[in-house]
Amino acid sequence: MRRITFLLSFTCLIFPQILFAQNCKKIGVVASWPPLTVFDSTGATGLDVEVVQAIFEKAGLCYKFVRLPSSARTFEEMGKGVIDVSTMTSFTIERQKYGVFSESYRDEKMRLISMSKPRPIQNLKALLRKDHTIGLSIGSYYGKELKKLLEHQKFKEQFVSLASANSRISMLIKNRVDFIIDDIISAHYYKNELGHDIIKVWPYIVHDNPVHLLLSHKSFTSCEVKIINKAINELQPKIDAIMMSYLVNN
């Protein structure tokens, strides 16, 4: 039995085309989260789009991109079979019902962004106690601290859920929210590419964590998952270079 298992694993990684048909996997791309993901009339672009393209091409798997209006639709659409893959996905136990988490392919660093000068804070509750409002991406996960505050009866109304990065930065610039929380790569993009020099990134760590591909239980075999994980591990230097190019260019 062990020999059979070894042979299957070996065949899976060395000759994947033998074991599965090339059904194109549908990869969900959030329409407006530059420079991480963008899906417009020209197609899908962005850091995480480049990374997932490299992974699937290395793995030899057919793929196509499917536009998602917001991250909130990701898991609903995966449950329906509209998409097979979710990109830049933080691990939570609840999300495991939809699919298998791949190896992580990059780290996400969520920070507070404001128009006001950063100052030291002990926690997010300190800001909420001063009646500040915070804009968030609908459906995104920002870690345990924020999850707890979102469920707090006293503070939950101070959070504003917004579908796109454009709407979040717009609300901040117009002083309709006091803060937004976003990936530090997006923060650099807002400052340097969109010209919002006035925004400030706070050093307080809201949430640092690895992100993964979430691979639908309905659409991926264990063999395919192994191939994708192998591709991620082998491509890590290239993935790091892609990330660095976005930080340097932004």
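Table for the structure above
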read-out: Counted residues, segment 90-113 - those being under 30 Å from Ile198 (Cα atoms) and touching a helix residue (DSSP H, G or I) at 6+ places or on another chain (Cβ under 7 Å); value: 4
read-out: Scope segment 116-136; condition out of contact with any Lys or Arg (no Cβ under 7 Å at 6 or more places or on another chain) and within 17 Å of Asp183 (Cα to Cα); matching residues; value: Leu124, Ile134, Leu136
read-out: Residue match in segment 63-73 (condition: free of Cβ contacts under 8 Å to residues at least 12 places away in the same chain, over 20 Å from Ile184 (Cβ atoms) and assigned to a helix (DSSP H, G or I)); value: no
read-out: Index of the failed condition, Leu162 passing every other in (1) of a type outside the set (Lys, Arg); (2) without any contact (Cβ under 8 Å) to a residue 60 or more places away in the chain; (3) in contact with a Pro (Cβ under 8 Å, 6 or more places away or on another chain); value: (3)
read-out: Every residue from segment 174-190 that is in contact with a helix residue (DSSP H, G or I) (Cβ under 9 Å, 6 or more places away or on another chain) and open to solvent by 40 Å² or more (accessible area, probe 1.4 Å); value: Arg176, Asp178, Ile184, His188, Tyr189
read-out: Qualifying residue in segment 158-179 (condition: in a helix (DSSP H, G or I), over 19 Å from Ser32 (Cβ atoms) and out of contact with any Lys or Arg (no Cβ under 8 Å at 6 or more places or on another chain)); value: yes
read-out: Among residues of segment 74-93, those that are assigned to a helix (DSSP H, G or I) and touching a residue at least 60 places away in the same chain (Cβ under 8 Å), counted; value: 3
read-out: Qualifying residues in segment 232-250 (those that are surrounded by 16 or more Cβ atoms within 10 Å (Cβ to Cβ) and over 28 Å from Gly99 (Cα atoms)) - the one modelled with the lowest pLDDT; value: Asn250
read-out: Pick from segment 121-140, criterion outside any strand (DSSP E or B) and in contact (Cβ under 8 Å) with a residue 60 or more places away in the chain, ranking: surrounded by the fewest Cβ atoms within 10 Å (Cβ to Cβ); value: Ile121
read-out: Of all residues in segment 202-212 being more than 16 Å from the chain's Cα centre (by Cα) and open to solvent by 30 Å² or more (accessible area, probe 1.4 Å), the one that is farthest from Gln158 (Cα to Cα); value: Pro203
read-out: Members of segment 38-49 found to be closer than 18 Å to Lys238 by Cα and within 13 Å of the chain's Cα centre (by Cα), listed by number; value: Gly46, Leu47, Asp48, Val49
read-out: Of all residues making up segment 213-231, the number that are open to solvent by 10 Å² or more (accessible area, probe 1.4 Å), in contact with a helix residue (DSSP H, G or I) (Cβ under 6 Å, 6 or more places away or on another chain) and more than 12 Å from Gly60 (Cα to Cα); value: 2
read-out: Residue within segment 191-201 that is of a type in the set (Asp, Glu), assigned to a helix (DSSP H, G or I), open to solvent by 40 Å² or more (accessible area, probe 1.4 Å) and touching a helix residue (DSSP H, G or I) at 6+ places or on another chain (Cβ under 8 Å) present; value: no
read-out: Segment 44-58 - residue that is free of Cβ contacts under 8 Å to residues at least 40 places away in the same chain and in contact with a strand residue (DSSP E or B) (Cβ under 7 Å, 6 or more places away or on another chain) and, of those, surrounded by the fewest Cβ atoms within 10 Å (Cβ to Cβ); value: Thr45
read-out: Residue that is farthest from the chain's Cα centre (by Cα) [pool: residues in segment 101-120 that are open to solvent by 40 Å² or more (accessible area, probe 1.4 Å) and among the hydroxyl-bearing types (Ser, Thr, Tyr)]; value: Ser116
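The values are calculated or read from the model by the stated rules, or taken from the named source; none is laboratory data. Here the structure is a predicted model, which means the values were calculated and not measured. Every residue, glycine as well, gets a Cβ built from its backbone with ideal geometry; the counts of neighbours run over all protein chains shown. Remember, those area values only see protein heavy atoms, side chains included, never the ligands or the DNA or RNA. Shrake-Rupley method; radii C 1.70, N 1.55, O 1.52, S 1.80 Å.
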